[in-house]
1. Exactly one of these conditions fails for LEU82: (1) modelled with pLDDT of 95 or more; (2) farther than 13 Å from ALA37 by Cβ; (3) of a type outside the set (Gly, Ala, Ser). Give me its number.
2. Please specify each residue of the range 76-101 satisfying the condition of being in a helix (DSSP H, G or I), among the hydroxyl-bearing types (Ser, Thr, Tyr) and without any contact (Cβ under 8 Å) to a residue 40 or more places away in the chain.
3. Considering only the range 14-69, state which residues are touching an Asp or Glu at 6+ places or on another chain (Cβ under 8 Å), among the small types (Gly, Ala, Ser) and either modelled with pLDDT of 70 or more or part of a loop (DSSP other than H, G, I, E, B) (or both).
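The values are calculated or read from the model by the stated rules, or taken from the named source; none is laboratory data. What you are looking at is a predicted structure, and each value in this text was computed from that prediction instead of being measured. A quick note on method: Cβ atoms are made from the backbone with ideal geometry, for glycine too, and the neighbour counts reach across all protein chains shown.
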Amino acid sequence: MTIKRVQAYLSLIGSIVLFTGVAVAAEPADVERFVNARIEIGEMMTNYFKGGAGYGGDGQRPSAERMNEMRADINSKLTAILAKRDLTLDDYRTRSADVFADDAAVKQYLSEHPDLKQRYDALPLDRMGRGGSTGRGY
């Protein structure tokens, strides 16, 4: 009786693991959209802050007013980039972690597009030195 119960639990756990694995797999169209968006966003942000220009050029911490202006400017640029890919800022924020969690699909897509892979690999590994980013760029 105990062995059958253990087998039942193992079967249940195995089913959950298999189901979860299938749920994590990203659609190829989503991988394409999100990878391209991440590349464009990462390049835009790198250029925005290059040499402290995004801060106003002096390299000092911006004022609260300037920070609000920068936030609005960056969000408008992000919105434009994402709109080209039929995404919203909320879509990107909520779904990008799931799409990029499918590392095999991302690597497969990049291997099929060497020009994009080169741009993707050139992106910083995290955002402005903060940890917690999934992969490169934003």
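1. Single failed check for LEU82: (2).
2. Listed by number, the residues that qualify are SER76, THR79, THR94.
3. Correct list: ALA25, ALA26.
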